[in-house]
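Novice: Quick one: the structure is below, questions incoming.
The values are calculated or read from the model by the stated rules, or taken from the named source; none is laboratory data. Computed from a prediction, not measured in an experiment: that's the story for all the values here. With ideal geometry, Cβ positions are generated from the backbone for all residues, glycine too; neighbour counts draw on all protein chains shown.
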Amino acid sequence: MDAAFRISKFERTPRQLATLSWSRMARLVQEYFPALNKRCPVCGALKDEASSDPASTATLNVCAVCRSRLVQRITGYCPRCGKLYEVDAGPPMLCLDCRLSPPPWHNVYFYGPYNDLLKSLVLRFKFQAQLGLGRLLHDLLRLSLQAAEATSHDLIVPIPLHPRKLRDRGFNQSLELSRGISHDGFGNLRVNALSRIRNTPAQHTLPRAQRMQNLKGAFQADNALVHGRTVLLVDDILTTGATAHAAARTLLQAGAVSVDLLVLARA
């Protein structure tokens, strides 16, 4: 537990509270209001007892109904780009596109397809600022890495927002997701390793063909932090991959040894 949490709840000043991240603030509320932890953070229903298996989705901090709608996809996909095959059985296997022209990252880790409850959680977290969902989303990311037996990386780097967009939204969802993974021991969080130097239109507002061009020259990496390091790049969803392509290429050009990609969902 960090120093901010060790301070008594009666001794915390507004300035000390202001230094906490959104995800830590949510955990702080749960710590001092334990009754809230008896309710599912997704739907508000009473939760059942979770399994003791740390690698099981039964440990998700949700009720049984919501847990049944958060089925992890561990088969039937391409481990390089995350393409979902129509037949969801069978081990992960490279798709033809990745055999011929692979993306700049080496592995992609994700929890499941971008639909149903997982899609709703991502949208609520990102656009409705329901940051109390952060603990659950951290668990989904952790399970994604564990299922693929991912090793630790030197750096964990969130996809950055342009300062103007960060001011408008108030937080960077990729950064908040990265904090939990760093606490789980998968690498050292380096917020300044990658920055966004060009304020581009939101990717979802553009046709697929324009998305890659939209991000040309949008990122800049800190060579001193990145050179010779393995990087785990973190974002919320993977759709066309244009943002991840641009960010990964920038990191590799700055001297990163390799880049892996971690997202909650694959669209």
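Novice: Tell me which residues, restricted to region 93-114, are in contact (Cβ under 8 Å) with a residue 24 or more places away in the chain and either over 15 Å from the mean Cα position of the chain (by Cα) or not assigned by TED's automatic domain parsing to the domain that holds Gly170 (or both).
Specialist: If the condition is that a residue be in contact (Cβ under 8 Å) with a residue 24 or more places away in the chain and either over 15 Å from the mean Cα position of the chain (by Cα) or not assigned by TED's automatic domain parsing to the domain that holds Gly170 (or both), then Pro103, Pro104, Trp105, His106 are the ones that fit.
Novice: Further question: What is the number of the single condition among (1) in a helix (DSSP H, G or I); (2) within 19 Å of Lys165 (Cβ to Cβ); (3) touching a Leu at 6+ places or on another chain (Cβ under 6 Å) that Ile181 does not meet?
Specialist: Looking at each condition in turn, Ile181 falls short on (2).
Novice: Tell me which residues, restricted to region 75-120, are among the charged types (D, E, K, R) and assigned to a loop (DSSP other than H, G, I, E, B).
Specialist: Selection gives Arg80, Lys83, Glu86, Asp88.
Novice: If you check every pair at least six apart or on different chains, which have Cβ atoms under 6 Å apart with a residue in region 161-184 that is within 17 Å of Ile237 (Cα to Cα) first and a residue that is at pLDDT below 95 and outside any helix (DSSP H, G or I) second?
Specialist: Pairs found: Arg179/Ser21.
Novice: Now a separate question. Any residue at all in region 156-164 that is under 17 Å from Arg142 (Cβ atoms) and in contact with a helix residue (DSSP H, G or I) (Cβ under 9 Å, 6 or more places away or on another chain)?
Specialist: Yes; the residues of region 156-164 include at least one that is under 17 Å from Arg142 (Cβ atoms) and in contact with a helix residue (DSSP H, G or I) (Cβ under 9 Å, 6 or more places away or on another chain).
Novice: Take the residues in region 229-267 that are without any contact (Cβ under 8 Å) to a residue 60 or more places away in the chain and of a type in the set (S, T, N, Q); name whichever of them is surrounded by the most Cβ atoms within 10 Å (Cβ to Cβ).
Specialist: Selected residue: Thr250.
Novice: Let me ask something additional. If you check Leu261 against the conditions, is it out of contact with any Ser or Thr (no Cβ under 9 Å at 6 or more places or on another chain) and part of a strand (DSSP E or B)?
Specialist: yes
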